[in-house]
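Have a look at the structure below before the remarks.
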Amino acid sequence: MSQQIRIEPAVNHERLDDEVIAINVESGVYFAMDDAAAECWTVAVAGGGVDQMADALHARYDVDVERARADATAFVATLVEQRLARTSDVPATAVAPPDAPPGGRGPYAPPVLQGFDDLEALLLIDPIHEVDDAGWPLPVQGDGA
């Protein structure tokens, strides 16, 4: 049984159709994941592991389970390296593979994590990161004149 993959707490993410956008708010780097990578991410969010990722890839794409498992293992290593996820000693949660798409399984390309740091400086200076009880934006202080 594979280890559970856990998304790091500093990562915000959203799935939109066949794409996932994730951002590490501590590093300011954001990532895009399409197709196979989005499937793997969805399994990780559900508490699954590499075996469940391989099953999901096999269900959606024309790939054998052994290759899907090898590609999912490499993808998880990249997620860990980029501080988006970590492996856990907890056994993976059972995650049902997705239904095959209408018309059968699609062509396969290994999952790829695309990273972008062009907004890093802006994200790291974003005042939302350092808001106190007064909130943001701060009201203007003055004598009212």
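The table for this structure:
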read-out	value
Scope the range 53-74; condition in contact with a strand residue (DSSP E or B) (Cβ under 9 Å, 6 or more places away or on another chain) and surrounded by 18 or more Cβ atoms within 10 Å (Cβ to Cβ); matching residues	Met53, Arg60, Tyr61, Ala68
Among the residues listed as Ala68, Ala74, Ala36, Ala44, the single one being at pLDDT 95 or above and either closer than 14 Å to Gln4 by Cα or assigned to a strand (DSSP E or B) (or both)	Ala44
Test: Met53 is at pLDDT 95 or above and under 18 Å from Ala100 (Cβ atoms)	yes
Close pairs (6 angstrom Cβ cut-off, 6 or more residues apart or separate chains): among the hydroxyl-bearing types (Ser, Thr, Tyr) in the range 93-121, open to solvent by less than 70 Å² (accessible area, probe 1.4 Å) and at pLDDT 85 or above anywhere	Thr93/Gly47; Thr93/Gly48; Tyr108/Tyr61; Tyr108/Val63
Odd one out for Pro97 among (1) in a loop (DSSP other than H, G, I, E, B); (2) out of contact with any His (no Cβ under 8 Å at 6 or more places or on another chain)	(2)
Among residues of the range 78-109, those that are under 23 Å from Gln4 (Cβ atoms), open to solvent by less than 60 Å² (accessible area, probe 1.4 Å) and either of a type outside the set (Val, Ile, Thr) or at pLDDT 95 or above (or both), counted	7
Candidate set: the range 6-51, residues that are over 28 Å from Pro91 (Cβ atoms), without any contact (Cβ under 8 Å) to a residue 40 or more places away in the chain and over 8 Å from the mean Cα position of the chain (by Cα); chosen: the one most open to solvent (accessible area, probe 1.4 Å)	Asp17
Filtered residues of the range 52-88 (kept if closer than 23 Å to Glu26 by Cβ and touching a residue at least 40 places away in the same chain (Cβ under 8 Å))	Val76, Leu79, Gln82, Arg83, Leu84, Ala85, Arg86, Thr87, Ser88
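The values are calculated or read from the model by the stated rules, or taken from the named source; none is laboratory data. Keep in mind that what you see is a predicted model, and the values were worked out from it rather than measured. With ideal geometry, Cβ positions are generated from the backbone for all residues, glycine too; neighbour counts draw on all protein chains shown. What goes into the accessible areas is simple: the full protein's heavy atoms, side chains included, and nothing from ligands, DNA or RNA. Shrake-Rupley method; radii C 1.70, N 1.55, O 1.52, S 1.80 Å.
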